Amino acid sequence: MKYLILPLLAAAPLFTFAQKLHADLFGGITTYQGELQGKRFAIDQSNIALGLGASYDLSEKFILRSGFTYGVLQGNDQKNTAAKDVEARNLSFKSALTELHLGLEYNLFRLEGKSLTPYLFAGVAAFHFNPYTKDVAGNKVFLKPLSTEGQGLAAYPDRKNYKLTQLALPFGGGIKFKVSDDLQIGLELGLRKLFTDYIDDVSNTYVDASLLQAAKGSQAVELAYRGDEVNPLSTYPGDGAQRGTPKTKDWYYFSGLRISKLLNSSGGGGKNKLGCPQVSF
């Protein structure tokens with residue numbers, strides 16, 4: 001008898017782990033907020049976001065969660081109604097965004113015996129972006145190599161090149177609905193606190209046009225200020241003229257539907273895929 005009990009005790013943590021592991025699917029939109037889009041949420045400048053992840057029930061209220069999310073960020077001065085006098089600047093950008101995150105989720109109520117609960121989450125994330133725009137001919141041009149604000153130029157030693165992969169602090173919450181013992185659906189809003197102001201390649205002031213052209217070429221000057229495309233009489237601003245607002249960092253958000261499926265459940269009377277009763281120690 002002891003030869004049967006000992007293997008079962010040794011395997012108990014594996015049963016427990018399997019019964020608490022969920023596969024997560026996210027679908028929704030991603031939104032950016034910064035110099036080229038001042039509203040916290042602008043549906044007309046949002047794009048589809050998709051994500052895959054996994055979560056693990058530490059208890060009935062605390063969940064460890066992780067995931068990968070893909071989205072597209074964009075901003076355009078011509079639609080930037082939250083800021084004043086930026087139409088003349090005429091800047092725009094887009095960027096693919098990929099994010100890996102790890103966090104802790106907290107259910108305000110136990111779902112045992114209930115059909116829904118509000119929840120909160122927070123954690124840490126690594127994300128990658130690469131802002132680009134379209135020139136007057138419609139060609140896609142990545143902005144970081146152009147040093148549009150003098151990043152990396154000897155004449156502006158205080159302006160360092162920004163990194164395309166950085167850390168963020170994700171946090172947010174939502175409402176979670178229990179569809180069945182092994183399926184949950186949540187409506188979620190997630191905010192990302194960033195430590196960069198260059199998601200959109202706009203942060204500081206204009207640099208001297210002649211220095212920028214000598215270092216990076218005429219295309220850098222053309223895309224650093226595009227007011228002449230909407231007003232032929234406008235001219236490139238002088239060195240030190242305001243281009244962005246460096247005191248406030250950029251943000252991005254994910255909002256949408258999150259589906260969480262218990263991996264080992266067959267949905268039949270509390271049994272696992274082998275037809276055995278679920279065991280928890």
Practice task
Kindly indicate which of Ser115, Ser46, Ser55 is out of contact with any Phe, Trp or Tyr (no Cβ under 9 Å at 6 or more places or on another chain) and not basic (Lys, Arg).
Solution key: Ser55
Exercise for the section: Report whether or not Asn130 is among the polar types (S, T, N, Q) and over 27 Å from Leu191 (Cβ atoms). Expected result: no
Practice task
Within the range 65-85, identify whether any single residue is at pLDDT 95 or above and over 30 Å from Ser203 (Cβ atoms), and answer yes or no.
Solution key: yes
Handout entry: Scope the range 238-256; condition part of a loop (DSSP other than H, G, I, E, B), out of contact with any Gly (no Cβ under 6 Å at 6 or more places or on another chain) and either farther than 19 Å from Gly150 by Cβ or charged (D, E, K, R) (or both); matching residues
Key = Asp239, Arg243, Lys247, Thr248, Lys249
Exercise for the section: Report, ordered by the first and then the second residue, all pairs with beta carbons closer than 9 Å, sequence separation of six or more or different chains, a first member in the range 107-120 that is in contact (Cβ under 8 Å) with a residue 12 or more places away in the chain and of a type in the set (S, T, N, Q), and a second member that is surrounded by 12 or more Cβ atoms within 10 Å (Cβ to Cβ) and in a loop (DSSP other than H, G, I, E, B). Expected result: Asn107/Lys61; Thr117/Lys61; Thr117/Leu108; Thr117/Phe109; Thr117/Leu111
Completion exercise
Of the residues in the range 186-224 that are touching a strand residue (DSSP E or B) at 6+ places or on another chain (Cβ under 6 Å) and open to solvent by 50 Å² or more (accessible area, probe 1.4 Å), the one that is nearest to Thr235 (Cα to Cα) is Lys193
Exercise for the section: Return yes or no: is Leu211 farther than 30 Å from Lys39 by Cβ and in contact (Cβ under 8 Å) with a residue 12 or more places away in the chain? Expected result: yes
Problem - Residue match in the range 69-78 (condition: hydroxyl-bearing (Ser, Thr, Tyr), outside any loop (DSSP other than H, G, I, E, B) and open to solvent by 70 Å² or more (accessible area, probe 1.4 Å)) - result: yes
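The values are calculated or read from the model by the stated rules, or taken from the named source; none is laboratory data. Because the structure is a prediction, the values reported are computed rather than measured. Cβ coordinates were reconstructed from backbone atoms using ideal geometry, including for glycine residues, and neighbour counts include every protein chain displayed. Please note that ligands, DNA and RNA were not included when accessible areas were found on the heavy atoms of the full protein model with its side chains. Shrake-Rupley method; radii C 1.70, N 1.55, O 1.52, S 1.80 Å.
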